[in-house]
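Report on the following structure.
The values are calculated or read from the model by the stated rules, or taken from the named source; none is laboratory data. Here the structure is a predicted model, which is why all the values come from computation and not from measurement. Cβ sites come from the backbone with ideal geometry, for glycine too, and all protein chains shown count toward neighbours. Accessible surface is based on the protein model in full, side chains and every heavy atom, while ligands, DNA and RNA are left aside. Shrake-Rupley method; radii C 1.70, N 1.55, O 1.52, S 1.80 Å.
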Protein chains: 2
Amino acid sequence: MARKTGSHAEITGPKVRAAAQKLFARMGYAAVSMRRIAEEVGVQAGALYLYTPDKQTLLYDLMKSHMEELLAAWAAAEKGGDPLARLEAFVRFHIRFHLERPDAVFIAYMELRNLEAENFARIEALRKAYEDELEAILADGRAAGLFDVPDTKLATLALIAMLTGVNTWYREGGRLSRERIESIYLDMALGAVGAEAGRARAMAAPCREAE
Amino acid sequence: MARKTGSHAEITGPKVRAAAQKLFARMGYAAVSMRRIAEEVGVQAGALYLYTPDKQTLLYDLMKSHMEELLAAWAAAEKGGDPLARLEAFVRFHIRFHLERPDAVFIAYMELRNLEAENFARIEALRKAYEDELEAILADGRAAGLFDVPDTKLATLALIAMLTGVNTWYREGGRLSRERIESIYLDMALGAVGAEAGRARAMAAPCREAE
DNA sequence: GTTCTATATGAACGGGCGTTCATTTCAAAG
DNA sequence: CTTTGAAATGAACGCCCGTTCATATAGAAC
């Protein structure tokens, strides 16, 4: 019926999703009408219902895909190593992944309250799973005496908030390269969890004066 | 005509603002109708226009008041002292101030895109002014050799994102007291900017093994 | 007791909303 | 060719939107 890469095909599922993602990110779910999405696709409003059962599902699918991609990408990227190396990998991965899909990230953070209850619960579970990945690294690092974190849950949330914050100000072609941004945030993240050995600082003197 | 603490008075300006703030925070500006706000106040929709020229102004006033209160409160709270003491004051102030007004904070972060262009610019200017307060502390601290921040602007945005993140998970009566949360975040903030002397860690050994 | 005025009502305005559906279109299969 | 059936239209559904305005209400001032 729908959903197949059909014969007539050109305007198919992916197009509707792409249009919805772009518009939801720019104007917000509640402020975007199905007619506006249809216009973006180049179609009349009724035709959208060949590709999605309703507007809510459109939002939910975007958020679900994003979170699943995030988890899959991290699972694929994760390298072994000590907690410090894993933390570095996580920080760089998180920033890179999020900077590559600003629209999806924006929607995932801003439109949670427009999800119906069950959909909200499902997305939250995925988010929790991602947070758990970082928390495990921090817990391992603390157990190994590498990190100084009084509360791994708090540190997890603090780090993720800090890292995701990059998306609010980063603009393509800005003053700093992504690589440079990653490195600066990595240093801050390491400092925040007390992983001082990991910081590449030219700090000889402060050692004795500390305390 | 309106706006005066009139005789009949009970349902006046502040009530409309309070109702709008509560509803905007819970459901989002675009998803809240004037009729819903009126219902919250206990009045018919038309009566709202005695207290606000339109819905947009209602949103703008809420955000403007919030940002002005924030700046005023910080100006009143700021104590002199070295950059380290000022950073501690800022961190504690920020968390405390934001945890005390979750609805206003939520609106200030989520509804920016629903502001008309000029209103958006005015709010952004206020936000910038607040960020500048923190950046000045970081710049002074770096100049004094107390902080290790390669880029004060980035560090400012990273810290504010981290601190404001508390609002996304804090719930009244949770596992940790506000004071404890403040202290943990303070330690992370100090670590992030390389203000190691400020951390109350029992760390003697790592000094030599660093690098 | 009359006037005044701030406060509120409730109907109405034009318009947009999400969604449905009978109908049309048209490339491919027979 | 004819038939098929997925793809798309466009009109229609009932409903809610922000805002306006003529009208009503009722306490304060005189």
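Mind putting a number on the dipole of the stretch B:1-137 about its Cα centre? Charges go on the C-beta only, +1 for Lys and Arg and -1 for Asp and Glu, and I need it in Debye to the nearest 20. Mind showing how you got there, number by number?
Values: 19 positive and 20 negative charges, 104 e Å.
Computed charge dipole of the stretch B:1-137: roughly 500 debye.
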Q. Measuring from a point 7 Å out along Cα→Cβ, what nm distances, shortest first, does B:R122 have to its partners in the other copies?
A. 4.3
(Q) Could you derive backbone 3J(HN,Hα) for the stretch A:162-173 from the dihedral phi with the Karplus parameters 6.51, -1.76 and 1.60 (θ = phi - 60°), listing whole Hz in sequence and x where the residue is Gly or Pro? (A) 4, 5, 5, x, 3, 4, 6, 10, 5, 10, 3, x
(Q) Give me a comma-separated list of calculated 3J(HN,Hα) values for the stretch B:103-110, in order, Karplus coefficients 6.51, -1.76, 1.60 applied at θ = phi - 60°, integers in Hz, x for any Gly or Pro. (A) 5, 4, 5, 4, 4, 4, 8, 9
Q: Compute the relative contact order of chain A as a whole-number percentage, counting only Cα pairs closer than 8 Å that sit 6 or more residues apart in sequence.
A: 20 percent
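Quick check: net charge around A:D140, other residues with Cβ under 11 Å of its Cβ, Lys/Arg +1 and Asp/Glu -1?
Working: positive: A:R86, A:R142; negative: A:D82, A:E135.
Net charge in that neighbourhood comes out at 0.
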**Q.** Unit charges at the beta carbon, dipole of chain B: most positive-side option, B:N119, B:M188, B:P53
**A.** B:P53
(Q) At 222 nm, what value in deg cm²/dmol follows for the protein assembly as shown if DSSP H runs of at least 4 each add -39500 (n - 2.57) and the sum is divided by all its residues, to the nearest 500? (A) -20500 deg cm²/dmol
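Please report, as a whole percent, how much of the solvent-accessible surface of the protein assembly as shown comes from carbon and sulfur atoms (probe radius 1.4 Å).
Details: 11020 of 20580 Å².
Carbon and sulfur atoms account for 54 percent of the accessible area of the protein assembly as shown.
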(Q) What are the ³J(HN,Hα) couplings of the stretch B:132-149, residue after residue, when phi is run through the Karplus curve with 6.51, -1.76, 1.60 and θ = phi - 60°? Round to Hz, x for glycine and proline. (A) 4, 4, 5, 4, 4, 5, 5, 5, 4, x, 5, 4, 7, x, 8, 10, 10, 10
Q) Tell me, what is the FRET efficiency for B:A117 and A:F97 to the nearest 0.05, using R0 = 30 angstrom and their Cβ-Cβ distance as r? A) 0.45
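Within chain A, what's the longest stretch lacking trypsin sites (Lys or Arg not before Pro) that sit in DSSP loops with no more than 11 other Cβ atoms inside 10 Å?
On the way: sites that count: A:R3, A:K4, A:K79, A:R171, A:R175.
Here the longest segment lacking exposed loop sites spans A:80-170.
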Q) Given a cut-off of 26 Å, what percent of all Cα-Cα pairs of the stretch A:36-170 lie beyond it? A) 33 percent
Q: Ignore the peptide's own chain and count Cβ atoms of other chains within 10 Å of each Cβ in B:152-159; give me the average, rounded.
A: 5
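Could you tell me what a quarter of the Cα convex hull surface of the stretch A:12-62 works out to, in nm² with one decimal place? Display every interim value, and only then the final one.
Values: hull surface 11.5 nm².
For the Cα atoms of the stretch A:12-62, the hull's average projected area reads 2.9 nm².
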Q: List, in the order given, every pair from A:K79/A:K128; A:K64/A:K128; B:K22/B:K55; A:K153/B:K22; A:K55/A:K128 whose Cα-Cα distance in the structure shown is over 19 Å.
A: A:K79/A:K128; A:K153/B:K22; A:K55/A:K128
Q: Give the long-range amide H neighbours of B:D148: residues separated by 5 or more places, or on another chain, with amide H under 5 Å away, using H modelled in the peptide plane at 1.01 Å from N.
A: B:G194, B:A195
Q: Give the nm distances, rounded to one decimal, from B:W169 to the matching residue in every other copy, measuring between label points 7 Å along Cα toward the beta carbon; shortest first.
A: 2.3
Q | Per residue, in Å², the accessible surface of chain B once ligands and nucleic acids are set aside, probe 1.4 Å | A | 49 Å²
Q: Note the distances from A:M34 to each other copy's matching label point, with points 7 Å along the Cα-to-beta-carbon direction, in nm, sorted shortest first.
A: 2.7
Q: Measure out, as a whole number of angstrom, how far apart the alpha-carbon centroids of the stretch A:151-185 and the stretch B:128-145 sit.
A: 19 Å
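Would you tell me the mean number of C-beta atoms belonging to other protein chains that fall within 10 Å of each C-beta in B:162-171, as a whole number?
On the way: counts 12, 3, 2, 9, 4, 1, 5, 5, 1, 0.
So the per-residue partner count for this stretch is 4.
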